[in-house]
Every structure is written in structure tokens, then in C-alpha cells.
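The values are calculated or read from the model by the stated rules, or taken from the named source; none is laboratory data. Because the structure is a prediction, the values reported are computed rather than measured. Heads up, the Cβs are rebuilt from the backbone with ideal geometry, glycines too, and the neighbour counts pull from every protein chain shown. When the accessible area is computed, the model is the full protein with side chains, heavy atoms only, and any ligands, DNA or RNA have been set aside. Shrake-Rupley method; radii C 1.70, N 1.55, O 1.52, S 1.80 Å.
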Amino acid sequence: MSDFLQVTVQGIAAGSKYALVALGFVVIFKATGVINFAQGGFVLFGAYLAYNVGTTWGLPFVFAVVLAMVGGAIIGATVERVALRPMIGQPPFAAIMITIGVLFVLEQIVTSIWGFDTLNLGDPWGNDRIAAGDVTIAVRNLWSVGLAGAALLAFFLFFRYSNTGVAMRATALDPEAALAQGISPGRVYTLAWAVSGAVAALAGVTLASGSGQLSPGIGYVALAAFPAIILGGLDSPAGAVLGGLLIGVSQALTARYLADWSWLGTNFHTVMPYVLMVLILLVRPYGLFGTREVQRV
Amino acid sequence: MLRVRNLEVVYGGVALVLRGISLDVPTGGVAAVLGANGAGKTTLLRAITGLLGVHRGAITKGTVEFDGKRIDGMEPANIVRMGMSQVMEGRRTFAELTVDENLRAGAYTKGSGPETKANFEKVMDLFPVLAKRRKSVAGYLSGGEQQMLVIGRALMQSPRLLLLDEPSLGLAPLVVEQIRDIIVGVNEAGTSVVLVEQNATMALSIATVGYVLETGRVVKDGPAEKLRDDADIREFYLGIAGEGRRSFRDIKSYRRRKRWSA
Ligand SMILES: Nc1ncnc2c1ncn2[C@@H]1O[C@H](COP(=O)(O)OP(=O)(O)OP(=O)(O)O)[C@@H](O)[C@H]1O
Ligand SMILES: [Mg+2]
């Protein structure tokens with residue numbers, strides 16, 4: 001039992017990192033209707049930026065996180081203005097192809113600046129562990145969970161209570177009617193991409209620090225977050241977080257308990273997110289929290 | 001207050017939809033804009049409020065002046081800030097937002113200062129049904145409530161000129177009556193109004209001036225009371241037959257007169 005709890009706790013910590021990545025997807029999709037395949041590139045870029053500030057320049061870790069987030073926001077906004085803005089009015093497919101192109105460009109930039117070596121962001125969270133009954137929890141895992149929780153709370157407050165957040169939701173629902181209220185959709189789109197770039201950078205930092213490693217490969221973690229947003233519901237921040245946690249926990253449990261079932265292969269936990277996604281979509285086609293269109297009947 | 005001169009609008013670079021429209025809305029007045037489906041009424045409002053771009057339309061000739069300032073080519077957000085608001089055709093609530101949130105979206109250009117608080121109170125007073133359903137999602141309101149919500153949303157911008165596109169469409173007579181009273185009230189409180197309507201009876205009952213559009217042209221205009229007495233308008237819009245003659249010649253002339261311009 002305590003083993004089960006221990007594995008679950010680790011899964012939650014991993015899942016909260018997926019949740020942060022997933023949140024970035026959701027913001028852009030909610031505001032602009034675009035599925036941003038470059039999200040992994042933002043994660044990557046943010047993590048390397050933090051490495052540069054924290055390790056290369058030797059500034060305190062807090063600065064590294066903040067500057068990485070600011071850098072992520074700038075990259076996000078720039079990508080929107082330069083690459084996505086001309087796609088307004090084109091079929092969504094065109095925009096998606098553009099984001100795939102952006103992903104390759106970002107990967108190129110990152111590897112040409114920082115190379116392919118595996119680096120480490122160090123252990124800014126410390127190596128302490130807290131014992132809670134039979135379970136011990138690494139402090140750095142608490143940080144991951146805490147950051148994901150804080151980000152979700154910030155999103156919730158922003159979309160519910162700030163004028164800009166309400167304007168963003170309005171634009172997502174009916175861009176022309178929003179324009180008629182004096183809300184500029186262009187500004188909303190840029191902002192959505194900036195916010196998404198910032199959360200992605202935060203996700204990158206949590207993925208690459210502590211037990212994690214910094215290599216160009218962490219961009220692929222975004223692929224594991226993808227099932228999280230699909231099963232959580234593409235347009236729901238809460239769904240993104242829950243989806244991320246489910247993915248993390250199911251991966252950890254599969255890796256621990258299904259490893260003996262040799263007929264499943266040794267790496268079954270890597271496909272587990274997709275299995276879970278398909279199962280949930282069978283029951284709830286819009287994801288756990290996704291909204292079907294509200295219509296009067 | 002609003003001056004439109006020789007306005008021409010083209011969609012997609014090919015379809016000439018407005019062919020030289022001129023129109024004046026006096027300060028404090030109500031201008032009714034009448035016309036059949038496809039006459040160009042909605043296009044006219046889009047041209048005035050700067051929303052043509054969304055539809056790949058453009059003003060190719062003519063001017064729009066608001067308070068003596070040229071506004072054709074201005075950003076919609078700046079036009080809203082100058083004090084002009086539009087209630088779009090088909091209501092267009094933000095369906096998944098609550099009543100409160102729809103009103104807040106309407107107040108976007110005003111922020112959340114004391115003016116917005118005062119406007120909010122006014123809207124709640126004006127529409128008690130909305131005050132009862134502040135947390136309801138707009139998509140689940142009745143058609144009449146939705147129309148009230150979008151009028152309220154526009155009023156959050158403290159407009160000096162309010163443009164309404166067929167606010168009576170699809171509503172029961174009693175609700176149309178309510179909407180009419182609201183427009184009268186808003187106008188009496190000092191807001192000038194452009195009222196696009198197919199319901200000419202309603203529109204002309206509150207208008208000071210009226211314009212009749214047909215295939216992108218103004219084919220008739222003048223003081224509202226004159227239009228109310230106009231034989232053609234009575235026949236085609238108010239549904240009041242002439243002297244009750246029903247000869248073949250009448251039917252032919254009816255057909256002919258159905259359009260005032262070639
Ligand atoms: N986005 C568009 N692209 C091309 N043509 C358009 C577009 N919108 C409207 N039109 C055309 O312009 C003409 C005028 O349309 P408009 O919507 O302005 O008419 P309306 O008077 O508002 O009609 P209704 O009473 O049905 O609302 C119509 O022939 C319509 O087909
Ligand atoms: Mg119309």
C-alpha cells in the first residue's frame with residue numbers, strides 16, 4: 001500500500017509538469033482556436049534560457065525562472081505577430097502547419113546556441129525529503145505541484161475576474177462581436193501567445209531541474225502532455241491540469257506495476273497516456289471538462 | 001451627429017453592395033433605415049462602425065463623419081471610444097459567458113471605474129429580467145432576454161450614438177413593444193439612434209427621420225411622419241392596402257412598384 005502511495009505521489013509530481021505544458025496549449029487554443037504544435041519548442045527555449053541565466057551567468061535561480069518566463073512571453077508574442085497573424089482568415093489547418101514549422105525553427109535556434117549536450121539546471125529546489133507516514137516526498141516534487149497549482153489558480157482568477165481575461169474569452173467565442181465592443185482581437189491573440197510562452201518556460205524549468213536533465217529532447221515531453229489536453233478538454237484550464245495529473249500518475253503506476261507483464265513490453269508506460277486518452281474519449285468525446293457548444297434548445 | 005456621404009462599399013473586391021448612400025442623423029434624433037432583405041442595411045452599419053474588414057469588404061468611395069470627424073478607415077475600437085456603439089444583427093451574445101460577463105466585455109473600453117459601475121446599475125434598472133439572471137449563461141436566455149442583453153452590453157459603452165440592426169427580428173409582439181420602449185427611453189436620455197428595421201411600423205413610430213434602401217441606394221427619405229403617410233411605404237412595409245381595389249391593373253402596378261429603382 002505504501003509503495004502504491006509512494007508511486008502515486010511521484011506520478012502527481014511528474015503530472016504537474018505535464019499540466020503546466022498542457023496549460024500553455026489550452027490558453028492558445030481557447031483564445032485563437034489554434035493547436036500550437038510549437039509548444040514543445042517554447043518549453044525547450046524557456047529551459048535553456050533559464051540555464052543560461054542561472055548557470056552560465058550565475059545569477060540566482062529566481063532570476064533564471066523570471067527571465068526565462070519573460071523570454072518565453074516575448075518569443076510567444078513574436079511568433080504570433082510574425083508567423084500566425086498573416087494566417088487569420090485562412091483555414092485552421094494552415095495555422096497548424098505553421099506552428100509545426102515554428103517548432104523546427106525553435107529547435108534549430110536552441111541547438112545552434114546551446115548545442116546537443118546534456119546539461120543540468122542544478123538542484124535549485126534542494127534534495128530534501130519530507131516523510132509523511134510511510135511516504136516520503138521530495139521537496140522538489142512539492143515545488144512542481146505547487147507551481148502547477150499556482151499557475152492554475154492564476155489562470156482561473158485571470159479568466160474569471162480580470163477585464164482582459166473576460167475579453168479574451170469573448171473574443172474566442174465571437175471575434176466580430178468582440179471587435180464591436182472595442183476589443184482588439186489582435187491584441188488578445190498576442191497576449192494569449194505571450195502567456196502561453198511564459199507558462200511553457202516555467203514548465204521547461206521544472207522539467208529540466210532537479211532529477212530532470214536538460215537536453216533538446218525535453219521538447220518531446222510536450223507530446224506526452226498532448227493526450228493530457230485532449231482528455232482534459234481542449235478549452236479547459238482545469239481539464240489541462242487534471243489531464244496532466246492523470247497522465248503522470250497512470251505513467252508512474254504502469255511503469256511500476258505492469259513492468260512484470262512482459263507481454264506488454266518494457267516501455268508500455270510511454271504509450272499509457274494514449275491508451276488513457278482513447279478510453280476517456282470513448283466515454284466523453286469532448287474530454288473531461290471540454291465544453292460542447294452551448295445552445296438554446 | 002452622423003453624416004454619411006456618397007458611400008460605396010465593395011465586398012471581396014468584386015461585389016458593389018452600397019452604391020452611393022448619403023444619410024444624416026441629427027443630434028438627439030432617431031433615424032430609421034428600412035429596406036428589404038439584401039438591400040444593404042447591415043453593410044451600411046458595418047461601414048459606419050469599421051467592421052467591414054472582417055467580411056473582406058471595403059469603402060471604395062465616400063465619407064463617414066461622426067461629430068464632424070472623418071471615421072471611415074478608423075479602427076473599430078477607436079470608433080467605440082468616440083461614443084458610437086452597435087447592436088449587431090442576430091443578437092450575438094457571448095453565448096458561454098454569463099450576463100454579468102457579457103456586460104463586462106461590453107465595458108472593455110471603459111475599464112472598471114465608477115462610470116462602468118454607474119452604467120451597470122443603469123442597465124440593471126432598465127432590464128429587471130437581466131438583474132434576476134446575472135449569473136446565467138447568455139446562450140440559455142430567451143430571444144427577448146438576449147436582445148436586451150446585447151442592448152445593455154452596448155449601453156455599457158456610454159454611447160452618444162447607438163446603431164441597432166433589426167432588434168425586433170424573431171421576437172413576439174409584446175417583446176417588440178418592450179424593445180421599442182427601451183429604445184425610446186435610451187433616446188430620451190440623450191443618445192442618438194440609428195434603427196435598422198424590417199418592422200417599419202415599429203421603426204417609423206419612434207423615428208424622427210427615415211431612409212428606405214434598395215439594392216444599395218437610398219430610394220426614399222424624409223421626416224418620419226411623411227414616410228408614415230407615404231402610399232408606397234404604407235403598402236409595402238406597413239401592410240395597409242390602398243383603397244381596396246383588386247383589379248389586374250393593381251396587381252401589375254404592385255409588381256412594378258415593388259421596386260422603386262431599376
Ligand atoms: N461578406 C459578404 N461578402 C459578399 N457579399 C455580401 C457579404 N455580406 C453581405 N453581402 C451581400 O451584400 C448585400 C447586402 O447585404 P446586407 O447584409 O447588407 O443586407 P441587409 O439589408 O442587411 O439584409 P437583411 O435584411 O437580410 O439583413 C447582399 O446582396 C449580400 O448578399
Ligand atoms: Mg441585415
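Here are some notes:
- Tallying residues that are of a type in the set (A, V, I, L, M, F, W, C), away from chain A (no Cβ under 11 Å) and near ligand 1 (Cβ under 9 Å from one of its atoms) within the stretch B:35-51 yields 3.
- Within this structure, A:Phe45 fails the test of being assigned to a helix (DSSP H, G or I), at negative phi, among the hydrophobic types (A, V, I, L, M, F, W, C) and open to solvent by 40 Å² or more (accessible area, probe 1.4 Å).
- Restricted to the stretch B:69-81, and to residues there that are more than 10 Å from every other protein chain (Cβ to nearest Cβ) and either within 16 Å of ligand 1 (Cβ to nearest atom) or under 19 Å from the mean Cα position of the chain (by Cα) (or both), the residue that is modelled with the lowest pLDDT is B:Asp72.
- Cross-chain or 6+ apart pairs with Cβ under 8 Å, the stretch B:122-143 first and open to solvent by 80 Å² or more (accessible area, probe 1.4 Å), then outside any helix (DSSP H, G or I) and of a type in the set (Ser, Thr, Tyr): B:Arg134/B:Thr98; B:Lys135/B:Thr98
- Considering the stretch B:127-217, the qualifying strands (runs of 3 or more DSSP E), each wholly inside and each with 1 or more residues that are within 26 Å of B:Ser112 (Cα to Cα) and away from ligand 2 (no atom under 16 Å from the Cβ), run over B:161-165, B:192-197.
- Any chance B:Glu89 is within 16 Å of ligand 2 (Cβ to nearest atom), among the acidic types (Asp, Glu) and within 12 Å of chain A (Cβ to nearest Cβ): yes
- Restricting the stretch B:97-113 to residues that are at the interface with chain A (Cβ under 7 Å from one of its Cβ atoms) and under 15 Å from A:Ala178 (Cβ atoms), the residue that is surrounded by the most Cβ atoms within 10 Å (Cβ to Cβ): B:Gly106
- Scanning the stretch A:257-297 for residues that are open to solvent by 80 Å² or more (accessible area, probe 1.4 Å), touching a helix residue (DSSP H, G or I) at 6+ places or on another chain (Cβ under 9 Å), within 14 Å of chain B (Cβ to nearest Cβ) and modelled with pLDDT of 70 or more yields a count of 1.
- Residue that is farthest from the chain's Cα centre (by Cα) [pool: residues in the stretch A:102-115 that are within 10 Å of A:Ala38 (Cα to Cα) and surrounded by 13 or more Cβ atoms within 10 Å (Cβ to Cβ)]: A:Val105
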